[in-house]
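To start, the structure under review is shown below, and the notes come after it.
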Amino acid sequence: GAGVSQSPSNKVTEKGKDVELRCDPISGHTALYWYRQSLGQGLEFLIYFQGNSAPDKSGLPSDRFSAERTGGSVSTLTIQRTQQEDSAVYLCASSPSGGGAGSYNSPLHFGNGTRLTVT
Amino acid sequence: KQEVTQIPAALSVPEGENLVLNCSFTDSAIYNLQWFRQDPGKGLTSLLLIQSSQREQTSGRLNASLDKSSGRSTLYIAASQPGDSATYLCAVRGPNAGKSTFGDGTTLTVKP
């Protein structure tokens with residue numbers, strides 16, 4: 001079946017512009033995650049959605065970052081007034097279950113990411 | 001706060017060699033541990049998932065073990081091939097909101 005789809009695959013933007021990154025998770029997956037991977041760095045958690053619960057925004061680095069998930073499916077990560085330090089690969093993952101006992105056998109499935117370059 | 005460490009950061013081996021990658025974590029209250037590989041410029045591909053109640057999982061030439069009490073996991077790769085060259089990441093999933101914490105990865109190079 002179809003995996004996690006992210007668009008665009010590459011985005012170059014000028015400093016100060018807003019960008020939107022899209023993630024289409026695997027159908028039926030209730031949990032959706034955004035991570036950021038800067039050059040040569042590990043994965044940094046940004047935000048997590050689970051069903052209709054309030055999202056866990058604890059990883060968002062500043063109030064310029066926001067995300068929404070419409071209808072429990074597609075998610076959009078928005079970065080306002082982009083800065084050069086925002087340049088990174090933004091990875092989206094989905095999982096059949098995001099919390100509780102269902103998480104024991106619930107793997108993460110990642111998309112190929114969006115490479116964002118802020119000039 | 002969960003912390004995940006992977007040692008070594010980089011490893012280079014000749015083709016055919018068996019090798020072990022290490023992952024350690026500080027909080028043993030986990031739901032599962034997942035190993036991934038990442039090729040340059042690509043996303044993460046899931047290799048193996050071990051539930052907290054399990055000790056090991058096998059897939060082809062890969063075997064992952066988990067010792068939850070000591071906070072350690074190993075990924076064993078048998079008869080390595082140049083196509084195994086990639087960065088290998090481990091991630092532990094905890095009960096706190098279900099999010100996973102990642103190590104920084106081990107970059108493996110298998111030389112023909």
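Please verify whether residue B:101 is under 15 Å from the mean Cα position of the chain (by Cα), part of a strand (DSSP E or B) and farther than 28 Å from residue A:44 by Cβ, treating the condition exactly as stated.
no
Restricting attention to region B:26-45, which residues are at the interface with another protein chain (Cβ under 8 Å from one of its Cβ atoms), part of a strand (DSSP E or B) and more than 20 Å from residue B:68 (Cα to Cα)?
Residues satisfying the conditions are B:44, B:45.
Name the single residue, out of those in region A:103-113 being of a type outside the set (Gly, Ala, Ser) and farther than 11 Å from residue A:34 by Cα, that is modelled with the lowest pLDDT.
For region A:103-113, the residue satisfying everything is A:104.
Looking only at region B:12-47, how many residues end up being buried (at least 18 other Cβ atoms within 10 Å of the Cβ) and either without any contact (Cβ under 8 Å) to a residue 24 or more places away in the chain or within 12 Å of residue B:107 (Cβ to Cβ) (or both)?
Number of matching residues: 4.
Report, by residue number, each residue of region B:69-94 that is within 12 Å of chain A (Cβ to nearest Cβ) and of a type outside the set (Ser, Thr, Tyr).
B:89, B:90, B:91, B:92, B:93, B:94, listed by residue number.
Per-residue answers, yes or no, for (1) open to solvent by 80 Å² or more (accessible area, probe 1.4 Å); (2) facing chain B (nearest Cβ under 9 Å):
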position: A:8; (1), (2): no, no
position: A:12; (1), (2): yes, no
position: A:18; (1), (2): yes, no
position: A:23; (1), (2): no, no
position: A:44; (1), (2): no, yes
position: A:52; (1), (2): yes, no
position: A:55; (1), (2): no, no
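Considering region A:32-55 alone, what residues qualify as being at pLDDT below 90 and either within 15 Å of residue A:87 (Cα to Cα) or not in a loop (DSSP other than H, G, I, E, B) (or both)?
Matches in region A:32-55: A:39, A:40, A:41, A:42, A:50.
Which residue out of B:65, B:70 is surrounded by fewer than 20 Cβ atoms within 10 Å (Cβ to Cβ) and not in a strand (DSSP E or B)?
B:70 is the lone residue from the list that is surrounded by fewer than 20 Cβ atoms within 10 Å (Cβ to Cβ) and not in a strand (DSSP E or B).
Among the residues in region A:77-94, are any part of a loop (DSSP other than H, G, I, E, B), surrounded by 15 or more Cβ atoms within 10 Å (Cβ to Cβ) and of a type in the set (Ser, Thr, Tyr)?
Yes, region A:77-94 contains at least one residue that is part of a loop (DSSP other than H, G, I, E, B), surrounded by 15 or more Cβ atoms within 10 Å (Cβ to Cβ) and of a type in the set (Ser, Thr, Tyr).
Exactly one of these conditions fails for residue B:65: (1) free of Cβ contacts under 8 Å to residues at least 24 places away in the same chain; (2) more than 14 Å from chain A (Cβ to nearest Cβ); (3) under 27 Å from residue A:39 (Cα atoms). Give me its number.
(3)
What residue, of A:106, A:62, is among the small types (Gly, Ala, Ser), within 9 Å of chain B (Cβ to nearest Cβ) and assigned to a loop (DSSP other than H, G, I, E, B)?
When all the criteria are applied, what remains is A:106.
The values are calculated or read from the model by the stated rules, or taken from the named source; none is laboratory data. From a predicted model like this one, the values you see are computed outputs, not experimental measurements. Every residue, glycine as well, gets a Cβ built from its backbone with ideal geometry; the counts of neighbours run over all protein chains shown. SASA here: full protein model, heavy atoms, side chains in, ligands and nucleic acids out. Shrake-Rupley method; radii C 1.70, N 1.55, O 1.52, S 1.80 Å.
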